[in-house]
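So the structure is just underneath, and the comments pick up after that.
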Amino acid sequence: MSESQHILVTGGCGYKGTVLVPKILPRGYKITFVDTLWFGNFLEPHKNLNVLKVDIRNIEAVPMQGVGIVIHLASSICQICKRSTLAGVFFKKWYR
């Protein structure tokens, strides 16, 4: 399999990932998706799907070897953002 046929999806367990990944799999791509799995995994098992419980903030844990395409869907939800980070400062200021 060439690198162009291996896709890395970040945030694959979120809404967008659970809609997108099943549409790509029948096209013959190998998909590795990384997600914290905070809210579970609702994707059906597939021979070309590799699910990894990885937090992308730990970049060294994200497997990039052999990946030709990256689809970045990962993001923090607002409740988590509110606890820390600059985004949290924004939410606390504007959404009281």
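The values are calculated or read from the model by the stated rules, or taken from the named source; none is laboratory data. No experiment lies behind these values; they were computed from the predicted model shown. Counting neighbours? That spans all protein chains shown, and the Cβs are built from the backbone with ideal geometry, glycine included.
Key figures for this structure:
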item	result
Region 48-59 residues that are in contact (Cβ under 8 Å) with a residue 40 or more places away in the chain, paired with ones that are surrounded by 15 or more Cβ atoms within 10 Å (Cβ to Cβ) and assigned to a loop (DSSP other than H, G, I, E, B) (beta carbon under 7 Å, 6 or more apart)	56/62; 56/74
Where residue 58 falls short, out of the listed (1) among the polar types (S, T, N, Q); (2) modelled with pLDDT of 85 or more; (3) farther than 14 Å from residue 36 by Cβ	(3)
Residue tally, condition touching a Leu at 6+ places or on another chain (Cβ under 6 Å), at positive phi and surrounded by fewer than 19 Cβ atoms within 10 Å (Cβ to Cβ), over region 1-36	0
Hits in region 21-53 (condition: farther than 18 Å from residue 74 by Cβ and either among the aliphatic types (A, V, I, L, M) or modelled with pLDDT under 90 (or both))	25
In region 38-56, the residues that are among the hydrophobic types (A, V, I, L, M, F, W, C), surrounded by fewer than 15 Cβ atoms within 10 Å (Cβ to Cβ) and either in contact with a Leu (Cβ under 9 Å, 6 or more places away or on another chain) or part of a strand (DSSP E or B) (or both)	52
